[in-house]
Amino acid sequence: MKSYKLALALLVSACAAGCAHPMNIKPDVQGLEPASGRIQKNVGLYISPAERALEVTTAGGGGDKVKYHPYADMETGLYKALGNVFTSVTLVSTPDDASAIAKHSLNYIVEPTITTTSSSSGIFTWMATDFTVQVTCKVDDARGKQVATVSSTGTGKADSAEVRSDFSIAGERASKDALQKLETAFLQAPELKE
């Protein structure tokens, strides 16, 4: 009987391994403070509908995986970070949205690319305890000519007790770290101040 229970437990564990558990990587935008010495330019933020809908699956713990929507989760944070750096920010429907460019006197269009990785130090729980978020922004002028590439990488860590009470905490920390560093990277890009 004991061997039957053990075999059943192993079968259940094997079936559960490899599952992708939902989480999010939304940063705490309250902690993103306006930068001193803003860049006196107006920018448009472009994220395609396909990127907003994109679901990514990366490693969790115990052989499981986590899944989330990086662009949808980070869009508000990206908007806030750009607003902290530039005079104004506007969402645009296409990278060459002539109507929005004219209406809002946009100097630049910012198009982010987000890549993520995750892992876990825990072997018995599925939650990710270590996260990285890399944001690379292509910056074009109003005519569509690329003028800069600005990027940052954020990391987030959480211990086992933290992830048990908040499944998303490591990803949220990584996103916020990436956005804080992105603000600094924009401010240090001389080509954006011309």
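For the chain, the longest principal axis of the Cα atoms and the long axis of helix 70-85 meet at an angle of about 40 degrees. For R52, the solvent-accessible surface computed with a 1.4 Å probe is close to 80 Å², ligands and nucleic acids excluded.
With 18 Å as the limit on Cα-Cα distance, the pairs of K65/K138; K67/K181; K41/K176; K26/K103; K26/K138; K41/K103 that go past it are K65/K138; K67/K181; K41/K176; K26/K103; K26/K138. Going by a ≥ b ≥ c, the root eigenvalues of the Cα gyration tensor, does the range 58-143 fall in the rounded group (a/c under 1.5), the prolate group (a/b larger than b/c) or the oblate group? Here the range 58-143 falls in the prolate category.
Scalar couplings 3J(HN,Hα) for the range 117-124, obtained by applying the Karplus form with A = 6.51, B = -1.76, C = 1.60 to θ = phi - 60°, are 9, 8, 7, 9, 7, x, 9, 10 Hz; x denotes Gly and Pro.
Taking 37 °C and 0.692 mPa s as conditions, the range 73-194 diffuses translationally at an estimated 210 µm²/s according to Stokes-Einstein applied to its Kirkwood radius (Cα pairs). In the chain, the DSSP-assigned H stretches of four residues or longer account for a calculated mean residue ellipticity at 222 nm of -10500 deg cm²/dmol, using -39500 (n - 2.57) per stretch and the full residue count as denominator.
Angle between the Cα long axis of helix 169-187 and the longest principal axis of the chain, 0 to 90 degrees, nearest 10? Helix 169-187 sits at roughly 20 degrees to that axis. The accessible surface of the chain, taken with every protein chain in place and a 1.4 Å probe, is 56 percent carbon and sulfur. Per-residue Karplus couplings for the range 43-59, computed as 6.51 cos²θ - 1.76 cosθ + 1.60 with θ equal to phi - 60°, are listed in order as 10, x, 10, 10, 10, 6, x, 5, 5, 4, 7, 4, 10, 10, 10, 9, 5 Hz, Gly and Pro entered as x.
The values are calculated or read from the model by the stated rules, or taken from the named source; none is laboratory data. Everything quoted here is computed from the prediction, not taken from an experiment. Side chains are part of the model used for accessible areas, which takes the heavy atoms of the whole protein and leaves out ligands, DNA and RNA. Shrake-Rupley method; radii C 1.70, N 1.55, O 1.52, S 1.80 Å.
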